[in-house]
Amino acid sequence: ETLSDRLSGVFTTLRGKGRLSPADIDATAREIRIALLEADVALPVVRTFIAAVKQRANGAEISKALNPAQQVIKIVNEELVAILGGETRRLRFAKTGPTVIMLAGLQGAGKTTLAGKLALWLKGQGHTPLLVACDLQRPNAVTQLKVVGEQAGATVFAPEPGNGVGDPVAVARAGIDFALEKHHDVVVVDTAGRLGVDAELMAQAAAIRDAVDPDETLFVLDAMIGQDAVATAEAFRDGVGFTGVVLTKLDGDARGGAALSVRELTGQPIMFASTGEKLADFDVFHPDRMASRILGMGDMLTLIEQAEQHLEVEEAEEMAAKLAANEFTLEDFLGQMQMIRKMGPIGGLLGMLPGAGQMKDALAQVDDRDIDRTAAIIQSMTPEERRNPAILNASRRKRIANGSGSTVTQVNALVERFGEARKMMSSMAGRFGFPGSRPSNR
Ligand code: GDP
């Protein structure tokens, strides 16, 4: 089970609750806690997270627009964004001279691949990156860097082959000189990693750091390594220091733990995410997008946001009650249409509901102009006609058609459909109980 599945299970149990009791909140918090721990999120991070969610959920952030489940989703989402770093952190470029980006991390984390990805991405932003091969430990690393450099169309600075083990610090220095001479505005320095953290590795990385004085040191972290992520990140923070994190292999079955732990525990932002072996599988890391990916309900969050701005639960309940009591008038209908229209195109709104993917064809048929035309017809009626469509005789219908720029047939169709819909709604409400309907006195 993924973190998303577990979390949406938690939210499903909240659905249909009118109000959250402290016991509900405790139970929900417990479930979220288990979900996070199973996803390998570090314990201290889980504790901070749960405390924040509980406090806010108990803090009676009463919303007139959201039901309790939606409120909890909203709180969890906002706390996820916060724990992932809040704002997107952009690369800092040097004011003068080339910007130096040093990559550090364990062997196999994806540093060399990342160098190629960064080069391609930087070129897309109009930069002229140079890749410098300072991983002289792994036999193939230099060749591999040349390959990705070529794929990205970037120059690679590497020591001549056959020169023995070589001195990575000297190569790094020479790389910077080369960049200055050839006017490369960004230098990406690839360094060696080990399978595990060791003192020699740290010392070498620190020596390269001192030689090139990087503007950014990026710690490259394999998102699949689970609980080990934290110890590794802390070792690099203390041994080399870094200004940002790149998460790799987010395409694998990573459970999200590394992403959620690393920022909170190291204090440094996640800046990029790598999601595949191809150079293009790479992007700037956006905490909000990652959070909604973890929640597995990106569109639901957008809907919640828009509903918060435009809808009121009380009003919706009043309308439902009117429907149930067969008291819903064309005037109410007009009000509902106008409220929904404020939220944007109808097809877009429906498309955000869970399961909308299967109704793509039907959604493509939704035309907002139909709704606007319907609204225009109702607007051409007198208040009395809206409340009591029975009085709509032929001459009134003709007047309404003229006033709204439609035909009598269209007016007839609206009145007829409205009558049928109203009948259907009230009989459904009678049989099943309409959500929000008050017990009627029938
Ligand atoms: P380095 O030792 O840190 O330089 O790691 P490499 O760049 O050689 O990457 C190690 C392996 O991970 C290679 O087989 C890469 O193709 C693979 N790799 C790197 N990044 C990703 C990623 O984002 N997703 C996947 N699936 N594989 C990746």
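Of note:
- Residues of region 194-221 satisfying the condition of being closer than 25 Å to A39 by Cβ and crowded, with 23+ Cβ neighbours inside 10 Å: L218, F219, V220, L221
- Residue in region 115-127 that is nearest to the ligand (Cβ to nearest atom), counting only those that are of a type outside the set (G, A, S) and buried (at least 24 other Cβ atoms within 10 Å of the Cβ): K117
- Just one residue in the set L36, L106, L91, L130 is more than 16 Å from the ligand (Cβ to nearest atom) and out of contact with any Phe, Trp or Tyr (no Cβ under 8 Å at 6 or more places or on another chain); that residue is L91.
- Residue within region 137-146 that is in contact with a Lys or Arg (Cβ under 9 Å, 6 or more places away or on another chain), of a type in the set (V, I, T) and within 12 Å of the ligand (Cβ to nearest atom) present: no
- Among residues of region 147-158 that are at pLDDT 95 or above, those with a beta-carbon under 9 Å from a residue that is among the polar types (S, T, N, Q) and not in a helix (DSSP H, G or I) at least six positions away or on a different chain give the pairs G149/T155; A154/T128; T155/T128.
- Residue ranges of helices (runs of 4 or more DSSP H) in region 192-311 with at least 1 members at pLDDT below 90 and within 14 Å of the ligand (Cβ to nearest atom): 199-212, 257-266
The values are calculated or read from the model by the stated rules, or taken from the named source; none is laboratory data. Quantities reported herein were computed from a predicted structural model and do not represent experimental measurements. As a convention, Cβ positions derive from the backbone with ideal geometry for all residues, glycine included, and neighbour counts pool all protein chains shown.
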